[in-house]
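Please treat every number below as a calculation from the coordinates, not as lab data. Since the model is a prediction, treat every value here as computed from it, not as a measurement. FYI the Cβ positions are ideal-geometry reconstructions off the backbone, even for glycines, and counts take in every protein chain you see.
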């Protein structure tokens, strides 16, 4: 509040007007702060981010399940496969079927990636179009 003291010899009167200068100063500072922070919220590159979804897939009897254990052994369902070339030969027989079955890979969490990579490479060499991974869903909550 500002007071105006008169020098004219009259009684001192109190001026009851509001001084708006500090209010304008505060508003200008807030305006500058908002103008600086708004561009940080808006990103200039427009991209579509992937959405997370958990899709339940039905297991069909014609799907092939290949497994890899901790030691790197390959399994066709429950039967052990001798090696990568034997796996490619089996997959080539399946690749000519119409419709072509999907290959589902079950890899042990502690298995080397090399063993899973061999299965994917064998599927590629055999001409398998659909390859998927079987995982355990995360715990809820």
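Share of antiparallel DSSP beta bridges in the stretch 64-133, in percent to the nearest 5?
Here the antiparallel bridges make up roughly 40 percent for the stretch 64-133.
Kirkwood hydrodynamic radius, computed over distinct alpha-carbon pairs, for the stretch 64-133: how many Å, to one decimal?
Answer for the stretch 64-133: a Kirkwood hydrodynamic radius of 11.9 Å.
Please say if the stretch 102-141 is rounded, prolate or oblate, where rounded means a/c under 1.5 for a ≥ b ≥ c the square roots of the C-alpha gyration tensor eigenvalues, and otherwise the choice is prolate for a/b larger than b/c and oblate otherwise?
oblate
Averaging sequence separations of C-alpha pairs under 8 Å and six or more residues apart, then dividing by the length of the stretch 59-100, give the relative contact order as a whole percent.
Relative contact order, the stretch 59-100: 20 percent.
Measure off 7 Å from each Cα along the Cα-to-Cβ vector at residue 30 and residue 13, then give the distance between these two points in nanometres to one decimal.
Result for the modelled spin labels: 3.3 nm.
Quick one: order 113, 75 by neighbouring beta-carbon count within 10 Å, fewest to most.
Lowest count first: 113, 75.
Which stretch or stretches of the stretch 87-119 have amide N atoms under 16 Å from the point lying 7 Å from residue 69's Cα along the Cα→Cβ direction?
106-112, 115-116, by backbone N distance to the label point.
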